[in-house]
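K.L.:
One structure follows; several queries about it will come next.
The values are calculated or read from the model by the stated rules, or taken from the named source; none is laboratory data. A quick note: this is a predicted structure, and the numbers were derived from the prediction, not measured. Positions of Cβ are generated from backbone atoms using ideal geometry, with glycine treated the same way; all protein chains shown enter the neighbour counts.
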Amino acid sequence: MDRRAFISTITGGLLAAPLAAAAQPAGRVPRIGFLGPPPGTGGQLVQSFQQGLRDLGYIEGQNITIEYRWTDVEARQLEVLAAELVRLRVDVLVASVTSVILAAKRATTTIPIVMANAADPVGSGFVASLARPGGNVTGMARLVPEVIGKELEHLAHTVPGTARMGVLSNPDNHLHAEMLSRARREASALGVELEIAAARAPDEFEGALEGLRRKRVGAALILGDGMFFLNRARLGDLLLRARLPSMFANTEHVEAGGLMSYSASSRDNYRRAAHFVDKILKGAKPTDLPVEQPTKFELVINLRTAKALGLTIPQSLLLRADQVIE
């Protein structure tokens, strides 16, 4: 995918709007700004947010307006798109993932920002703490770094006897340094050696995976990343061609052909983000709304991919799986 395929080139000044402190005036239709991946590349994430609003009684075009700005979430012009939504004086700005949230936070310190799926909101500096966010940002956390140990454990269980595993990282993702540090600690505890490969863009996938193949890794952990997510079908195909059993940070990767994932549900997070929007529109302040953490992590396995890899998934792991794609 062309990284700029979905980027708007809107320009405009940045005007700050007052932080919501009271319910919307009678007769006024509130306006939400949504900054994130388009429906096609974003899976069902946008639709999950829309469904969350409908569940709360909001009907787009009737009692609520949504201003969408689609982006590939890694674009240089994220700040431009965030500034455009601020200029439109939206009542709430919903930002999809880490890089988008960062752009939104830089664009305004007054308009409430709802995080739909933040990997590490405290570590990224978006909130002071989960319980007391402070400032104008709140919403849903994914806590991606905390689950890396479990991801490696499931991967080791899937490919028993593997002494060396690969990790695919995006050096431009500021969270990956901490994730790699955790991965090394967890791998050491499992008695597994790690080989790190880097890809900053889709055209670097093939070379990175070829490097891992030459180092004879038995499996690969793919760190959570927006660019990896948007190019998940291509990445899954290349991993299959490289004959690498792989663990992902999103269910959508497995639905696109990846082998397995262990993660919180992104769709649930987007749906829950609508509840934050509802509370803010009714007068709540972001600083008073604790960030919500996922309560359930799902193990998803694609048996079609396992068969294509010539891999037999242990029955004990299949019994633990929340979803098996056959």
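K.L.:
Read through the list (1) part of a loop (DSSP other than H, G, I, E, B); (2) at pLDDT 95 or above, then give the number of the only condition that residue 272 fails.
P.N.:
(1)
K.L.:
If I filter region 290-325 down to residues being within 20 Å of the chain's Cα centre (by Cα) and β-branched (Val, Ile, Thr), which single residue comes out as farthest from residue 150 (Cα to Cα)?
P.N.:
291
K.L.:
In addition: May I ask you to list pairs of residues, at least six apart or on different chains, whose Cβ atoms are under 8 Å apart, with the first in region 83-109 being in the same structural domain as residue 223 (by TED's automatic domain parsing) and on the phi < 0 side of the Ramachandran plot and the second being in a loop (DSSP other than H, G, I, E, B) and of a type in the set (A, V, I, L, M)?
P.N.:
Partner pairs satisfying both residue conditions: none exist.
K.L.:
Sticking with this one: Checking the condition at pLDDT below 95 and either closer than 25 Å to residue 32 by Cβ or not polar (S, T, N, Q) (or both), which residue from 167, 144 passes?
P.N.:
Just a single option satisfies the conditions, and that option is 144.
K.L.:
Which one is nearest to residue 243 (Cα to Cα), of the residues in region 285-315 that are among the charged types (D, E, K, R) and either in contact (Cβ under 8 Å) with a residue 60 or more places away in the chain or surrounded by fewer than 14 Cβ atoms within 10 Å (Cβ to Cβ) (or both)? Reasoning before the result, please.
P.N.:
So the first thing to find is which residues in region 285-315 are among the charged types (D, E, K, R), and the list is 285, 288, 292, 296, 298, 304, 307.
Imposing the further condition that a residue be either in contact (Cβ under 8 Å) with a residue 60 or more places away in the chain or surrounded by fewer than 14 Cβ atoms within 10 Å (Cβ to Cβ) (or both) reduces the set to 285, 288, 292, 296, 304, 307.
Values: 285: 50, 288: 49, 292: 38, 296: 30, 304: 14, 307: 11 Å.
Here the residue is 307.
K.L.:
Within region 77-89, is there a residue that is buried (at least 22 other Cβ atoms within 10 Å of the Cβ), in a loop (DSSP other than H, G, I, E, B) and touching an Asp or Glu at 6+ places or on another chain (Cβ under 9 Å)?
P.N.:
Checking region 77-89: not a single residue is buried (at least 22 other Cβ atoms within 10 Å of the Cβ), in a loop (DSSP other than H, G, I, E, B) and touching an Asp or Glu at 6+ places or on another chain (Cβ under 9 Å).
K.L.:
On to the next question. On the given criteria, is residue 235 modelled with pLDDT of 95 or more and within 29 Å of residue 271 (Cβ to Cβ)?
P.N.:
Details: modelled with pLDDT of 95 or more: yes; within 29 Å of residue 271 (Cβ to Cβ): yes.
Spelling it out, residue 235 is indeed modelled with pLDDT of 95 or more and within 29 Å of residue 271 (Cβ to Cβ).
K.L.:
Does residue 298 satisfy being under 21 Å from residue 34 (Cα atoms) and either assigned by TED's automatic domain parsing to the domain that holds residue 165 or in contact with a Ser or Thr (Cβ under 8 Å, 6 or more places away or on another chain) (or both)?
P.N.:
Against the criterion (under 21 Å from residue 34 (Cα atoms) and either assigned by TED's automatic domain parsing to the domain that holds residue 165 or in contact with a Ser or Thr (Cβ under 8 Å, 6 or more places away or on another chain) (or both)), residue 298 does not qualify.
K.L.:
Would you check if there is a residue in region 36-46 being free of Cβ contacts under 8 Å to residues at least 60 places away in the same chain, not aromatic (Phe, Trp, Tyr) and not in a loop (DSSP other than H, G, I, E, B)?
P.N.:
no
K.L.:
Do you know which of the residues in region 68-94 that are among the acidic types (Asp, Glu) and more than 21 Å from the chain's Cα centre (by Cα) is farthest from residue 279 (Cα to Cα)?
P.N.:
Looking at the filtered set, the residue picked out is 84.
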